[in-house]
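What follows is a set of notes on a single structure, which appears directly below.
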Amino acid sequence: MPDPALVATCWTTAGSARPLDGSEVASHSPLDRVRAVAEGGWAGLGLAHADLERVRATTGFAALAAAARDAGLTHVEVELASDWWREEAAWRPRWELLLEAAEAFDSPFVKAGTAFGEPWADLSPLVGPLRRLAAEAADRGTRVALEPLPFSMVGSVPAAADLVRAVDHPGAGLAVDLWHVVRAGTTLAELEACLTADLVVAVELDDADADPVGTLFEDTRDRRRYCGEGAQDVRGFVDVLRRVGFRGPWGVEILSEEHRAQDLGSGLARARRTALACF
């Protein structure tokens, strides 16, 4: 059997950049990331908003998309839509940039998140705003993939699945990340019970220690483990997603001080090798 297609999501190739630092621009250039990912046997890569701003102002999306195609990459994903439930001025410029990039790269989805804080008990105020994003994404040939975080407004995959079902638009779906599943306390049985193939837009593989180190944000940013090197059931997670009908490509999102300390090629090789061992 051929290896499953793997995608190096944005932080896996971002070098020393970290979420919510003063600058989230990767320390490696977009072209260097494309080359390293292609040479490492990956199917694609992800790019974050800060990098996309720089690409649009310099080489342009068309040139980078051409470089990715020429390198044999078939998947480029973009992120992260935020503030989309607030007044339009707060989110429209970023959203338009992400849609423009998604169109240029033929991205299958734009990832979306929510604000940090206690999970909301009532997600009904988000239904209309998320439906609007879904409709706009669909008009541009892509989808919006909502990623729940245990320390955010939408705190778990089951809650996010209920929200997307309430949105009831084919342009809306979920990004399901193993770290966020386990740190929300969701079991694999609960995960399988809440998902159907039409809901799952993206899946991200990683691993984690048995217990968080520091705050949940510190744990997710600095202490994720390579697949199979933590305490979580990565293979069981893969099996669940396969049973609900997800067929890939599979994102690999490694965020850790250990990963950032490695050079780009070595970090990518380890991330891919350990992820493949879980299939």
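The values are calculated or read from the model by the stated rules, or taken from the named source; none is laboratory data. Bear in mind the structure is a predicted one, so any value in this text is a computation, not a measurement. Cβ placement follows ideal geometry from the backbone for every residue including glycine, while neighbour counts extend to all protein chains displayed.
Need a quick list: helices (runs of 4 or more DSSP H) entirely within region 123-223 having at least 1 residues that are closer than 19 Å to Gly236 by Cβ and without any contact (Cβ under 8 Å) to a residue 60 or more places away in the chain. First the steps, then the outcome.
On the way: elements: 127-139, 157-167, 178-183, 188-194, 216-222.
Result: 157-167, 178-183, 188-194.
So, of the residues in region 22-53 that are β-branched (Val, Ile, Thr) and part of a helix (DSSP H, G or I), which turns out to be surrounded by the fewest Cβ atoms within 10 Å (Cβ to Cβ)? Walk me through it before giving the result.
Here is the first cut: in region 22-53, the residues β-branched (Val, Ile, Thr) are 25, 34, 37.
Add one more test, that the residue is part of a helix (DSSP H, G or I), and what stays is 34, 37.
On the way: Val34: 24, Val37: 29.
Per the stated criteria, the residue is Val34.
Yes/no matrix, rows are residues, columns are (1) in contact (Cβ under 8 Å) with a residue 60 or more places away in the chain; (2) over 25 Å from Val200 (Cβ atoms); (3) not in a helix (DSSP H, G or I):
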{"residue": "Ala63", "(1), (2), (3)": "no, yes, no"}
{"residue": "Val76", "(1), (2), (3)": "no, no, yes"}
{"residue": "Pro93", "(1), (2), (3)": "no, yes, no"}
{"residue": "Ala104", "(1), (2), (3)": "no, no, no"}
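I need the full set of residues from region 34-63 which are more than 19 Å from Trp95 (Cα to Cα) and under 20 Å from the mean Cα position of the chain (by Cα), in order please.
Here is the first cut: in region 34-63, the residues more than 19 Å from Trp95 (Cα to Cα) are 34-45, 58-59, 63.
Within region 34-63, Val34, Ala36, Val37, Ala38, Gly40, Gly41, Trp42, Ala43, Gly44, Leu45 meet the criteria.
Has region 235-253 got any residue that is over 28 Å from Arg143 (Cβ atoms), surrounded by fewer than 16 Cβ atoms within 10 Å (Cβ to Cβ) and at pLDDT 95 or above?
no
Out of (1) within 19 Å of Glu100 (Cα to Cα); (2) in contact (Cβ under 8 Å) with a residue 40 or more places away in the chain; (3) aliphatic (A, V, I, L, M); (4) part of a helix (DSSP H, G or I), what's the single condition that is false for Ala68?
(2)
Applying the selection to region 260-279, what residues are of a type in the set (Gly, Ala, Ser), surrounded by fewer than 17 Cβ atoms within 10 Å (Cβ to Cβ) and either in a helix (DSSP H, G or I) or in contact with a Leu (Cβ under 9 Å, 6 or more places away or on another chain) (or both)? Quick ask: steps written out before the conclusion?
Just the residues of region 260-279 that are of a type in the set (Gly, Ala, Ser), to begin with: 261, 265-267, 269, 271, 275, 277.
Remaining after also requiring surrounded by fewer than 17 Cβ atoms within 10 Å (Cβ to Cβ): 261, 265-266, 269, 277.
Correct list: Gly265, Ser266, Ala269.
Which ones in region 1-21 are surrounded by fewer than 22 Cβ atoms within 10 Å (Cβ to Cβ), under 17 Å from the mean Cα position of the chain (by Cα) and within 24 Å of Arg242 (Cα to Cα)?
Initially, region 1-21 is screened for residues surrounded by fewer than 22 Cβ atoms within 10 Å (Cβ to Cβ), giving 1-5, 15-21.
Imposing the further condition that a residue be under 17 Å from the mean Cα position of the chain (by Cα) reduces the set to 5, 15, 17-20.
If the condition is that a residue be surrounded by fewer than 22 Cβ atoms within 10 Å (Cβ to Cβ), under 17 Å from the mean Cα position of the chain (by Cα) and within 24 Å of Arg242 (Cα to Cα), then Ala5 is the only one that fits.
Of the conditions (1) crowded, with 21+ Cβ neighbours inside 10 Å; (2) more than 26 Å from Arg94 (Cα to Cα); (3) of a type in the set (D, E, K, R), Asp198 fails just one. Which one is it?
For Asp198, the failing item is (1).
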